[in-house]
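To start, the structure under review is shown below, and the notes come after it.
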Amino acid sequence: MSDRKCISKYQGDSDQYKKNFVSKISLKNKKIRFMVPIPIKCRICLFKILKGKKINAIKEKILNKRYTGINFLRFYFHCVKCRSGLSIVTDLAELKYKPEVNCF
């Protein structure tokens, strides 16, 4: 009886499964739920995103910028009102966040 059950099991292609699994894991680690650390104003619609607003963001390491062995980070996210792309960069030397693209 148990021999019949073993024969009927599906043997899938393991290489294809590993490729899909790795790509989903790496993309999942980049997407985060981010709380805005500083008040930001969108340059396009002039909407204010206040400090503490929770938004979805993509986290990226800046490889050519380092401070005492720690990589700088860049966070990409969208404006709440007009959906334009915004980004913030960490400044570890001054312990601040600096607005970078489409925000001030």
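Any read-out appearing in this document is the output of simple, stated calculations on the displayed coordinates, not a laboratory observation. Because the structure is predicted, anything quoted here is derived from the model rather than measured. As a convention, Cβ positions derive from the backbone with ideal geometry for all residues, glycine included, and neighbour counts pool all protein chains shown.
Gain on full extension, evaluated as 0.36 nm per residue between residue 100 and residue 62 minus their Cα-Cα distance, stands at 12.4 nm.
Put in order of Cβ neighbour count within 10 Å, fewest first, the listed residues 101, 36, 89 become 101, 89, 36.
Across all directions, the average flat footprint of the convex hull enclosing the Cα atoms of segment 32-104 is 4.6 nm². If you average the C-alpha positions of segment 32-56 and of segment 76-104 separately, how far apart do those two centres end up, in angstrom? Between the Cα centre of segment 32-56 and that of segment 76-104, the gap is 8 Å.
The GluC sites (Glu not before Pro) of segment 57-104 that meet both conditions, a loop assignment by DSSP and at most 16 other Cβ atoms within 10 Å of the site Cβ, are 94.
Applying a DSSP loop filter and a limit of 16 other Cβ atoms within 10 Å to the chymotrypsin sites (Phe, Trp or Tyr not before Pro) in segment 44-74 leaves 47.
Placing +1 on the Cβ of every Lys and Arg and -1 on the Cβ of every Asp and Glu, with no other charges, gives segment 28-104 a dipole of roughly 340 debye about its Cα centre.
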